[in-house]
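Chemist: This is the structure I want to talk about, given as structure tokens.
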Amino acid sequence: MSGETAGAELVVDGLAIRFGGLTAVEGMCFEVRPGEVLSLIGPNGAGKTSAFNAITGYIAPDAGTILYRGARIDGLRPSQIAHRGVVRTFQKTSVFMGQTVVDNVLLGLHLASRQTPLAILLGLRWVAREERALAEEARSILAFVDLEARAPDLASALPYGELRLLEVAIALAAKPRLLLLDEPVSGMNPAETESFMRLLARIRALGITILLVEHDMRMVMGVSDRVICLNHGRIIAGGTPAEIQTDPEVIRAYLGERYVRAQG
Amino acid sequence: MKRALTIAWLLLLVSVPLWLTSLYVLHVLVMTGIFIVAAMSLNLLLGYTGQLSLGHVAFFGIGAYTSSLVSLGFSVHLLPGWEVSLDPQPVWLGMLCGTALAGLCGWAIGRISFKVRGAYFVIVTVSFAEVTRLVALNWVELTQGPMALNNIPYLRLGTPDLVEVSFLRKPANYWLVLAVAVVSYILIRRLVQSRAGRAMIALRENEPLAASIGVDVTRYLVLATIVSAAMAGAAGTLYAHYVRIVDPDVFLFIYTVTMVIMVVTGGKGTLAGPVVGGFIFGLLPEALRSLQIGPEIQWVIYGVLMVLVLYFLPQGIVPALRDWWKRRQAVSQRATMASAAPRTSMEAAR
């Protein structure tokens, strides 16, 4: 491994994922540096979400290693990976629909709590104290994503844009050091996307590293330090947003061979 | 206000044996109380983790048999030339053993079925209950089989020469069951209003999301199963030393069904649900019996009432009442605001 990867937050090396005869990801290598926003882009079916699922333990990779802060995390369960500080959101909106907004964040604060079953059953004093502190923290996380006013409402009563904010609030409650966002602004209108980009900047200011999968190119180019482009499970390009925008391979992947020929 | 209401309820429940003259009704209340404890334990699994244990009566029966056997003493030949025997132990020790062994079985069931959810969990628990029933029926040397365990001692606390409380008569048993029910209620409330309970709700509502925020799904499923099983076992030990005869029929499927009815009609996933449902469907058969109508008509009424409750209140009685109360308060709030508004405008006009 090169010296460059030594200080990396996350290192994905030779990752391969196959579903039966279908290869979703093949020989994928990349690294996420501490504090940066790295975006994975690529056409549908390029393997972005599969890579996400492998990093967070939802599917077992067929080959390759995944190192988080120097320790292997491939083969661990999702909850163990979350415990180490790698937390994700889902492409399809995923919250606890039957609970209130503030309870959703409280559920997300699972790792922030030190309560053990025995202490709970014995009703120890500090458990109640911690409960009050957790409720306080849930409120402040809601304020951070601008959902404070929605705290007592049922999650199922929220409009789509606010549900996506709630997802991020739940993920933030789990105290991530590396946050993986899977198409967080898909289906949002331009104004909502704008405000989400500002939220992303605030999250980044907390020192949280972000790995982003996104189709909205304005957002990707606006927030990313680096962009990696995938096609058919392979990395075809990587670099700064400006480099990616002019990369012929990327243009070919997105717009097709004939477009490139016509331009040439 | 809420606290005063709770205390008033408790005082009423505690005072029942003091003014209730009918010992038969008191007996019905004791049996209902035992089933309410079992229903509360089932609610922890069914209501909070969302897993239906259709063999819950197994833990109840294991508690009953273990407690009886420890307090009666036993002697069995496990292998040729290898005999295991136990002298009669104090009843309280038996009850502790019954509760603990039921909890241990809960742990085993939770571990075995950690990968199976939903329908498969139901099948595992149903099979477990059936196996325990067949063991109780056929291991005659230990359980007396269909001849049943008889003359099970009643609970005595303290020492004969100093102070001794004996739980032979109905009022004492009523208070004992009430105490266990209150303790169970408090334990379940602590659990569900904590990190552990929230983890259970999280995995009920959205398991992939729960895992992504660090909830160890297996751990909390197993925890819920252990607590639930131990509590059902405790209810079983109460039953054994109150009725004082235990036969393999304690494992009958109908008892599980009764618990499920109590939980679902009362409102699963609510603290008060199994208590309310337990009182209604525990006392209903006795109330119908007093109506002097044929037994087949009684059960038809029981069934029709149950269907009506589920048809009109699919969430259960407690959530329906809670919603109704919330709506009523919202309406009265609007009414006071509406009545306040014209007065100020009239004052302004004056």
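Chemist: Can you tell me the dipole magnitude for chain A around its Cα centre, using point charges on the Cβ only (Lys, Arg +1; Asp, Glu -1), in Debye to the nearest 20?
Modeler: That gives chain A a dipole magnitude of about 460 debye.
Chemist: Over chain A, what number does the Rg to Rh ratio reach, with both radii from the alpha-carbon atoms and Rh per Kirkwood?
Modeler: On the way: Rg = 19.7 Å, Rh = 19.6 Å.
Taking Rh as the inverse mean 1/r over Cα pairs, Rg/Rh reads 1.00.
Chemist: Pick out, from B:129, A:250, B:149, the residue whose Cα sits farthest towards the positive end of the charge dipole of the protein assembly as shown, with +1 on the Cβ of Lys and Arg and -1 on the Cβ of Asp and Glu.
Modeler: B:149
Chemist: Run the simple label-point estimate for residue A:215 and residue A:116 please: 7 Å along Cα→C-beta, distance reported in nm.
Modeler: With each label point 7 Å from Cα toward Cβ, the separation is 4.8 nm.
Chemist: Of the candidates B:183, B:165, B:331, which one comes out as most mobile in a Gaussian network treatment of chain B with C-alpha springs shorter than 10 Å?
Modeler: B:331
Chemist: What's the Kirkwood radius of the protein assembly as shown in Å, using all Cα pairs?
Modeler: Numbers: mean 1/r = 0.0356 Å⁻¹.
After inverting the mean inverse Cα-Cα distance, the result is 28.1 Å.
Chemist: Right, another one. Starting from the Cα gyration tensor of region B:1-148, take the square roots of the eigenvalues, sort them a ≥ b ≥ c, and report rounded, prolate or oblate (rounded when a/c is under 1.5, otherwise prolate if a/b is larger than b/c, else oblate).
Modeler: Numbers: a/c = 2.39, a/b = 1.31, b/c = 1.82.
Oblate.
Chemist: Taking K and R as +1 and D and E as -1, what net charge do the other residues with C-beta under 12 Å from the C-beta of residue B:123 add up to? If you can, show how the numbers build up before the last one.
Modeler: Details: positive: B:117; negative: B:130.
Charge balance near residue B:123 sits at 0.
Chemist: Restricting to DSSP loop positions (anything but H, G, I, E, B) with no more than 10 other Cβ atoms inside 10 Å of their own Cβ, which trypsin sites (Lys or Arg not before Pro) remain in region B:77-181? It would help to have the intermediate numbers written out before the result.
Modeler: On the way: sites: B:111, B:115, B:117, B:133, B:156, B:169; in loops: B:115, B:117, B:169.
Of the trypsin sites (Lys or Arg not before Pro), the ones in loops of region B:77-181 whose Cβ has at most 10 other Cβ atoms within 10 Å are B:115.
Chemist: Identify, among B:338, B:25, B:158, the residue whose Cα sits farthest towards the positive end of the charge dipole of chain B, taking +1 on the Cβ of Lys and Arg and -1 on the Cβ of Asp and Glu, with the dipole about the Cα centre.
Modeler: My answer, from the dipole projection, is B:338.
Chemist: Right, another one. Using +1 on the beta carbon of Lys and Arg, -1 on that of Asp and Glu, and nothing else charged, what's the dipole of the protein assembly as shown about the Cα centre, debye to 20?
Modeler: Values: 52 positive and 44 negative charges, 278 e Å.
Magnitude of the dipole: close to 1340 debye.
Chemist: Let me ask something additional. Could you check the spin-label model distance between residue A:125 and residue B:328? Points 7 Å from the Cα along Cα→Cβ, value in nm.
Modeler: 4.0 nm
Chemist: Let me ask something additional. Tell me the trypsin sites (Lys or Arg not before Pro) within region A:1-103 that lie in a loop according to DSSP and have at most 12 other beta-carbon atoms within 10 Å.
Modeler: Values: sites: A:18, A:48, A:69, A:72, A:84, A:88, A:92; in loops: A:69, A:84, A:92.
Passing sites in region A:1-103 are A:92.
Chemist: Against the longest alpha carbon principal axis of chain B, how many degrees, from 0 to 90 and to the nearest 10, is the axis of helix B:23-43 turned?
Modeler: In chain B, helix B:23-43 runs at an angle near 80 degrees to the longest axis.
Chemist: Pull out a ≥ b ≥ c, the square roots of the eigenvalues of the alpha-carbon gyration tensor of region B:224-291, then state rounded if a/c is under 1.5, prolate if not and a/b is larger than b/c, and oblate in the remaining case.
Modeler: Details: a/c = 1.93, a/b = 1.06, b/c = 1.82.
Here region B:224-291 falls in the oblate category.
Chemist: Moving to a separate point now. With +1 on the Cβ of every Lys and Arg and -1 on the Cβ of every Asp and Glu, and nothing else charged, how large is the dipole of region B:20-252 about its Cα centre, in debye rounded to the nearest 20? Don't skip to the end; give the middle numbers.
Modeler: Working: 14 positive and 11 negative charges, 157 e Å.
With Lys and Arg at +1 and Asp and Glu at -1, about 760 debye.
Chemist: Also, I was wondering about something else. Rounded, prolate or oblate: which fits region B:106-205, taking a ≥ b ≥ c as square roots of the Cα gyration tensor eigenvalues, rounded meaning a/c under 1.5, else prolate when a/b beats b/c? Present the calculation step by step, with values, prior to reporting the outcome.
Modeler: Details: a/c = 3.30, a/b = 1.27, b/c = 2.59.
Oblate, since a/c reaches 1.5 and b/c is not below a/b.
Chemist: Tally Lys and Arg at +1 and Asp and Glu at -1 over the other residues with C-beta under 12 Å from the C-beta of residue A:147: what net charge comes out?
Modeler: Details: positive: A:139, A:150, A:164; negative: A:146, A:148, A:153, A:162, A:167.
Taking every Cβ under 12 Å from that of residue A:147, the sum is -2.
Chemist: I would also like to ask the following. For n ≥ 4 DSSP H runs only, could you compute -39500 (n - 2.57) per run for chain B, divide by its residues and tell me the 222 nm figure to the nearest 500? List each step's numbers first, then the result.
Modeler: Details: 14 runs with 250 residues, N = 350.
One gets -24000 deg cm²/dmol as the mean residue ellipticity at 222 nm.
Chemist: Here's another thing I want to ask about it. Along the positive direction of the dipole of the protein assembly as shown (beta-carbon charges: Lys, Arg +1; Asp, Glu -1; about the Cα centre), which of A:166, A:215, B:105 reaches farthest?
Modeler: A:166
Chemist: I'd like the antiparallel share, as a percent to the nearest 5, of DSSP beta bridges with both residues in the protein assembly as shown. Provide the component values of the computation, followed by the final result.
Modeler: Working: 30 of 46 bridges.
Expressed as a percentage, antiparallel bridges in the protein assembly as shown total about 65.
Chemist: How high is the relative contact order of chain B, in percent, with contacts defined as C-alpha pairs under 8 Å that are six or more residues apart?
Modeler: Details: 520 pairs, mean separation 97.0, N = 350.
Relative contact order of chain B: 28 percent.
Chemist: Here's another thing I want to ask about it. Compute the orientation-averaged projected area for region B:20-252 from the convex hull of its Cα atoms and round it to one decimal in nm². Write out the running numbers ahead of the final one.
Modeler: Details: hull surface 59.4 nm².
Convex hull of Cα atoms, orientation-averaged projection: 14.9 nm².
Chemist: Using only Cα atoms, find the angle between the long axis of helix B:317-349 and the longest principal axis of chain B, and express it within 0 to 90 degrees, rounded to the nearest 10.
Modeler: That works out to roughly 20 degrees.
Chemist: Tell me the angle of helix B:195-205 to the major Cα principal axis of chain B, expressed in degrees between 0 and 90 and rounded to the nearest ten.
Modeler: Between the helix axis and the principal axis of chain B, the angle is about 80 degrees.
Chemist: Taking 51 Å as R0, compute the FRET efficiency from the Cβ-Cβ separation of residue A:255 and residue A:65 and round it to 0.05. The partial results should precede the final answer.
Modeler: Numbers: r = 34 Å, r/R0 = 0.67.
That gives a FRET efficiency of 0.90.
Taken together, the values in this text are just the output of simple stated rules run on the coordinates, not laboratory data. Everything numeric here is computed off the predicted structure, so don't read it as measured data. So basically every Cβ, Gly included, is an ideal-geometry build from the backbone, and we count neighbours across all protein chains shown.
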